[in-house]
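First the structure, in the form of structure tokens, and then the observations on it.
The values are calculated or read from the model by the stated rules, or taken from the named source; none is laboratory data. All values derive from a computational prediction rather than experimental measurement. Positions of Cβ are backbone-derived with ideal geometry, glycine not excepted, and every protein chain shown enters the neighbour counts. Accessible surface is based on the protein model in full, side chains and every heavy atom, while ligands, DNA and RNA are left aside. Shrake-Rupley method; radii C 1.70, N 1.55, O 1.52, S 1.80 Å.
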Amino acid sequence: MSENIPGFSTLAIHAGAAPDPSTGARATPIYQTTSFVFDDVDHAASLFGLQAFGNIYTRITNPTTAVLEERVAALEGGTAALATASGHSAQLLCFHTLMQPGDNIVAANKLYGGSINQLNHSFKSFGWSVKWADPDDLNTFEAAIDENTKAIFIESLANPGGIVMDIEAISALAKAKGIPLVVDNTMATPYLCRPIEHGADIVLHSLTKFMGGHGNSMGGIIVDGGSFDWSAGGRYPLLSEPRPEYQGIVLHETFGNFAFAIACRVLGLRDLGPAISPFNSFMILTGIETLPLRMQRHSDNAKKVALHLSGHSKVNWVSYAALPEDKHHALQQKYMPKGAGAVFTFGVEGGYDAGVALVSKCELFSHLANIGDTRSLIIHPASTTHRQLTDDQKTAAGAGPDVVRISVGLEEVDDIIADLDQALSD
Amino acid sequence: MNHDSYSDTYIKGILDEVKTVAMIGASANTVRPSYFVLKYLLSKGYDVWPINPGQAGKDILGQTVYASLDDVPDVPDMIDIFRNSEAAGQIVEQVLQSGKLPKVIWMQLTVRHDEAAKRAEAAGIKVVMDRCPKIEYGRLSGEIGWAGVNSKTISARRPTLKSGFQHRGLTGKSES
């Protein structure tokens, strides 16, 4: 190990990025190329056989993207990472590496709505099913796990409700059953919470949100915690069995504690194809350099806005874990003591119509379906993302008629509060 | 010597100092880790002498395979052991009894024998256990980052280039 382990802010700027040895360029160059020239046939054979490190084709590896991967692996405390075109494709490749037809995932029922759709519907075509558990009752996780369960999937900080998961307790359940715990850390980022330190085996991100942070580039990533024994029990054949795709190589034996990330790359990304553009990798890398500053300001601003709204006459409730009276405040203090992030929901007096009126009267807040931008963002789920659901379904999903979700940006907090005040006024 | 973790300068010092490697358990099977490491070390300029009784007299990657440590051309700078921990202990014992001492004994990932390491160190031999020289070289050259692996190193210095494309040498300080 290194003599001095660099701090988080140092890693956010330096991890993975040396000066370019040919030109001296200090910022990471955008290697906008599809392919890489071989020295000779033997060099090509070494690369195709995974015997040498190096790049063949940008669908599999790219030097700009590699810096992003090493950077996020270092920030999360993982052994390796694999960047993808989006957070959704990171989930696809992660579960493709873990699952066989007939297998299931036990997942927290408080997840980003897009992930609920992916698990409920799209994954059915692969023969994978999902069993939902309630993060407020951990017995439901244990009860849902059966002999075909290959992973537990949770979000460290669930979108949009501000629900903080008890990662250590859920990790203990996963370890007792010999299955990996997969944690989506998009809403918290490694600045606020490092799930691997609390027992997560794999961490996923939509880099599109706070990691990139500027609302300009899509990306996702899979971080290998390096902690799971893929060969015990032989339940993960992509890792523990000889692979015909590579003349019989056994990936866990060959790549040790970063075998999962390699398997996602050489069996998943190579064959399914959702590669991130090198340009997007560059944009996200640039965003990550200021992650510690941005995430602290996002959290500080959001807490001030949440406190203001909790005392507002037109607001009936605020769900934000940094508020002392919040149901998840104790878990927030344990897992993300520096702050509870930028996103929360609140209920407007007057229900559906009042929610519609609020989003249409905002001047500073942008009305759109994203989170994790420098700009403040607002959405009324019942009239947009969740409008196809029945009223009962909306309420169950945390998207009742009065619910408004905001992602608090980096503007002056007084301006953010003033915009909400004028939009809430009659 | 603490064998739970090694400093980068200790590992780099070894990889800089060593020129000849006797690899016990080298494989002719092109998908085995012991073939990967042999091929990689050769590409980085080390003289590697494969040892595998079942392949003795044949060639792997153009290198003559020897039946045992007694048969290699000279006392190697480093002995790299691709055997289980118990066998590694016996190998260390044989090396110490032979009096032909290498500078370094390296045991591969999952291979560790603390008693043997102590005896080797008492004889002035540096020991590395439960590590892979390919991974360590890849880390300290920066090559391993191309696969998205966390090298656990940061540097604002120029990486060292070797001949051809995508071929780096070691960078950073080493223990002398």
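For this structure, a couple of remarks:
- Candidate set from segment B:11-20 (those that are in contact (Cβ under 8 Å) with a residue 60 or more places away in the chain and surrounded by 17 or more Cβ atoms within 10 Å (Cβ to Cβ)); member that is farthest from the other protein chains (Cβ to nearest Cβ): B:Val18
- Scanning segment A:373-391 for residues that are over 22 Å from A:Ala108 (Cα atoms) and open to solvent by less than 50 Å² (accessible area, probe 1.4 Å) yields A:Asp373, A:Thr374, A:Ser376, A:Leu377, A:Ile378, A:Ile379, A:His380, A:Ser383, A:Thr384.
- Among residues that are of a type in the set (Lys, Arg) and either within 9 Å of chain B (Cβ to nearest Cβ) or part of a strand (DSSP E or B) (or both), A:Arg265 is included.
Residues checked against (1) open to solvent by less than 40 Å² (accessible area, probe 1.4 Å); (2) free of Cβ contacts under 8 Å to residues at least 60 places away in the same chain; (3) within 26 Å of A:Thr290 (Cα to Cα):
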{"position": "A:Lys303", "(1), (2), (3)": "no, yes, yes"}
{"position": "A:His308", "(1), (2), (3)": "no, no, no"}
{"position": "A:Pro324", "(1), (2), (3)": "no, yes, no"}
{"position": "A:Ala330", "(1), (2), (3)": "no, yes, no"}
{"position": "A:Gln333", "(1), (2), (3)": "no, yes, yes"}
{"position": "A:Gly339", "(1), (2), (3)": "yes, no, yes"}
{"position": "A:Gly350", "(1), (2), (3)": "no, yes, no"}
{"position": "A:Glu363", "(1), (2), (3)": "no, no, no"}
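- Checking B:Lys39 against (1) basic (Lys, Arg); (2) assigned to a helix (DSSP H, G or I); (3) closer than 16 Å to B:Trp106 by Cα, the condition it does not meet: (3)
- Segment B:149-162, residues that are facing chain A (nearest Cβ under 10 Å) and over 20 Å from A:Gly7 (Cα atoms): B:Arg158, B:Pro159, B:Thr160, B:Leu161
- Filter result for A:Leu285 (touching a Leu at 6+ places or on another chain (Cβ under 7 Å), under 30 Å from B:Val31 (Cα atoms) and either assigned to a helix (DSSP H, G or I) or open to solvent by 30 Å² or more (accessible area, probe 1.4 Å) (or both)): no
- Within the set A:Phe228, A:Phe260, the sole residue that is in a helix (DSSP H, G or I) and either surrounded by 21 or more Cβ atoms within 10 Å (Cβ to Cβ) or in contact with a Leu (Cβ under 8 Å, 6 or more places away or on another chain) (or both) turns out to be A:Phe260.
- Entry remark, segment A:392-410: residues being open to solvent by less than 40 Å² (accessible area, probe 1.4 Å) and not in a strand (DSSP E or B) number 7 in total.
Each row is one residue, and each column tells you yes or no for (1) open to solvent by 30 Å² or more (accessible area, probe 1.4 Å); (2) assigned to a loop (DSSP other than H, G, I, E, B); (3) free of Cβ contacts under 8 Å to residues at least 60 places away in the same chain; (4) farther than 22 Å from A:Gly409 by Cα.
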| position | (1), (2), (3), (4) |
| --- | --- |
| A:Glu168 | yes, no, yes, yes |
| A:Ala172 | yes, no, yes, yes |
| A:Lys175 | yes, no, yes, yes |
| A:Thr186 | no, yes, no, no |
| A:Glu197 | yes, no, no, yes |
| A:Leu204 | no, no, no, yes |
| A:Phe210 | no, yes, no, no |
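- Positions within segment A:31-43 being within 21 Å of A:Thr64 (Cα to Cα), open to solvent by 60 Å² or more (accessible area, probe 1.4 Å), more than 7 Å from every other protein chain (Cβ to nearest Cβ) and out of contact with any strand residue (DSSP E or B) (no Cβ under 8 Å at 6 or more places or on another chain), in sequence order: A:Tyr31, A:Gln32, A:Phe38
- Selection within segment B:22-45 - under 30 Å from A:Ile5 (Cβ atoms) and away from chain A (no Cβ under 14 Å): none
- Residue match in segment A:100-114 (condition: within 8 Å of chain B (Cβ to nearest Cβ), in contact with a Phe, Trp or Tyr (Cβ under 6 Å, 6 or more places away or on another chain) and either open to solvent by 10 Å² or more (accessible area, probe 1.4 Å) or basic (Lys, Arg) (or both)): no
- When segment B:163-174 is filtered for residues that are surrounded by 14 or more Cβ atoms within 10 Å (Cβ to Cβ) and more than 7 Å from every other protein chain (Cβ to nearest Cβ), the ones remaining, listed by number, are B:His167, B:Arg168, B:Gly169, B:Leu170, B:Thr171, B:Gly172, B:Ser174.
- Any hit, segment A:52-63, residues being free of Cβ contacts under 8 Å to residues at least 12 places away in the same chain, over 20 Å from A:Arg194 (Cα atoms) and facing another protein chain (nearest Cβ under 10 Å): yes
- Top-ranked residue in segment A:225-253 [being facing another protein chain (nearest Cβ under 9 Å) and touching a residue at least 60 places away in the same chain (Cβ under 8 Å); ranked as farthest from A:Ala66 (Cα to Cα)]: A:Gln247
- From A:Ile222, A:Ile196, residue being over 18 Å from A:Met99 (Cβ atoms), in contact with a strand residue (DSSP E or B) (Cβ under 7 Å, 6 or more places away or on another chain) and either of a type in the set (Ser, Thr, Tyr) or within 12 Å of chain B (Cβ to nearest Cβ) (or both): A:Ile196
- Selection count, segment B:21-45, where residues are open to solvent by 20 Å² or more (accessible area, probe 1.4 Å) and within 24 Å of B:Lys162 (Cα to Cα): 6
- Candidates A:Ser46, A:Ser22, filtered to the one that is facing another protein chain (nearest Cβ under 9 Å), open to solvent by 50 Å² or more (accessible area, probe 1.4 Å) and at pLDDT below 95: A:Ser22
- Note on segment A:340-369: residues that are assigned to a loop (DSSP other than H, G, I, E, B) and under 23 Å from the mean Cα position of the chain (by Cα) total 5.
- Cβ-Cβ distances below 9 Å connect the following pairs, each with a first residue in segment B:113-130 that is within 15 Å of B:Asp4 (Cα to Cα), a second residue that is open to solvent by 60 Å² or more (accessible area, probe 1.4 Å) and of a type in the set (A, V, I, L, M), and a separation of six or more residues or different chains: B:Ala117/B:Met1; B:Lys118/B:Met1; B:Lys126/B:Met1; B:Val127/B:Met1; B:Asp130/B:Leu109.
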